[in-house]
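The values are calculated or read from the model by the stated rules, or taken from the named source; none is laboratory data. Note that the structure is predicted; figures quoted are calculated from it, not measured. Counting neighbours? That spans all protein chains shown, and the Cβs are built from the backbone with ideal geometry, glycine included.
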Amino acid sequence: MTNEISTDPWLLGGDLPVHRIGYGAMQLAGPGVFGPPADEAAALAVLRRAVELGVDHIDTSDYYGPYVVNELIRRALHPYPADLVLVTKVGARRDGTGAWLPANSPAELRAAVHDNLRRLGLDRLDVVNLRMMGTSGPEEEPIAEQFTALAELREQGLIRHLGVSNATLTQLDEAAAIAPVVCVQNMFNIAARSDDDLVDACAARGVAYVPFFPLGGFQPLRHAAAELVARRHGATARQVALAWLLHRSPAILIIPGTSSVAHLEENLAAGRIALTAADLAELDTNG
């Protein structure tokens with residue numbers, strides 16, 4: 001753990017510079033990430049404001065909605081700024097009730113990549129994450145067949161870089177033996193730290209670690225020490241939780257999501273919070 005935040009851009013894949021605070025677009029869909037937003041104009045405004053404020057890394061997926069979020073991104077931002085990195089994921093689908101179902105056969109993965117390309121209006125996707133569908137977190141299962149299918153699309157020029165999501169260290173190694181892996185996207189936050197060792201392994205390998213649900217996701221984060229530290233910094237506990245992630249490892253890129261411009265601006269301001277060694281010790285010992 002360091003008490004200095006790196007302000008240098010992270011080179012995703014060695015050639016895509018991104019700021020360490022990006023934006024996760026999942027919450028732009030309707031309740032349960034299903035259906036259209038209640039306020040479409042507000043959703044478009046969040047995306048445009050994010051780019052205005054310098055966000056150059058947006059995380060999305062065609063199964064958010066489904067299709068809703070990618071279509072909003074295209075409407076709001078296309079033609080895209082030259083420095084904007086769009087990261088998507090494949091490996092799941094939604095049924096008519098909004099349930100999350102696996103869709104990870106090679107044929108389904110190929111179709112999902114083409115769907116993302118079409119709806120985002122792109123000729124090539126910057127990064128595609130293979131999302132495993134473990135129900136209570138990462139589960140050990142072979143992924144070579146699925147990752148090989150994506151690696152072939154990368155060789156065809158449809159994908160620039162590949163990542164894995166909801167993955168174990170064994171799966172990261174399995175994927176990396178097939179094609180370079182530039183990021184791991186797993187659940188990790190100040191109150192849920194089971195991936196501590198994987199965070200450090202990614203940093204050692206120069207692989208970005210991108211925590212999903214950095215603020216607790218569908219169950220809002222509660223952390224008593226973050227509340228106390230926030231008062232000392234004149235900040236919110238949410239901001240302290242995000243700042244903690246940035247301090248945790250220089251390889252961590254955060255993508256907090258919101259459907260509110262005010263919350264977007266609050267999240268981005270977390271990058272200015274310099275936690276002290278005493279703050280970090282308190283955050284690490286008092287949940």
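When V128 is tested against (1) surrounded by 23 or more Cβ atoms within 10 Å (Cβ to Cβ); (2) in a loop (DSSP other than H, G, I, E, B), just one condition goes unmet, and that condition is (2). Here is the figure for region 40-62: residues that are out of contact with any Leu (no Cβ under 9 Å at 6 or more places or on another chain) and under 23 Å from A103 (Cα atoms) total 1.
When you scan region 252-273, do you find a residue that is among the polar types (S, T, N, Q) and farther than 25 Å from K89 by Cα, even just one? Scanning region 252-273, I find no residue that is among the polar types (S, T, N, Q) and farther than 25 Å from K89 by Cα, so the answer is no. Within region 30-53, residues that are of a type in the set (K, R) have Cβ atoms under 8 Å from residues that are modelled with pLDDT of 95 or more and in a helix (DSSP H, G or I) in these pairs: R48/A76; R48/L77; R49/V261; R49/L264; R49/E265, counting only partners at least 6 apart in sequence or on another chain. Considering only residues that are among the small types (G, A, S) and touching a residue at least 40 places away in the same chain (Cβ under 8 Å), look in region 150-196 and name the one that is nearest to L16 (Cα to Cα). Out of the qualifying residues, it is G163. Scanning region 91-101 for residues that are free of Cβ contacts under 8 Å to residues at least 60 places away in the same chain and surrounded by 13 or more Cβ atoms within 10 Å (Cβ to Cβ) yields A92, R93, W100.
Determine, yes or no, whether Q239 is surrounded by 23 or more Cβ atoms within 10 Å (Cβ to Cβ) and either polar (S, T, N, Q) or not in a helix (DSSP H, G or I) (or both). Against the criterion (surrounded by 23 or more Cβ atoms within 10 Å (Cβ to Cβ) and either polar (S, T, N, Q) or not in a helix (DSSP H, G or I) (or both)), Q239 qualifies.
Only one residue in I58, I73 is under 19 Å from the mean Cα position of the chain (by Cα) and not in a strand (DSSP E or B), so which one is that? Don't jump to the end; show me each part of the working.
On the way: I58 fails: not in a strand (DSSP E or B).
Going through I58, I73 in turn, the sole match is I73.
Across region 242-265, the number of residues qualifying as under 18 Å from the mean Cα position of the chain (by Cα) and part of a helix (DSSP H, G or I) comes to 10.
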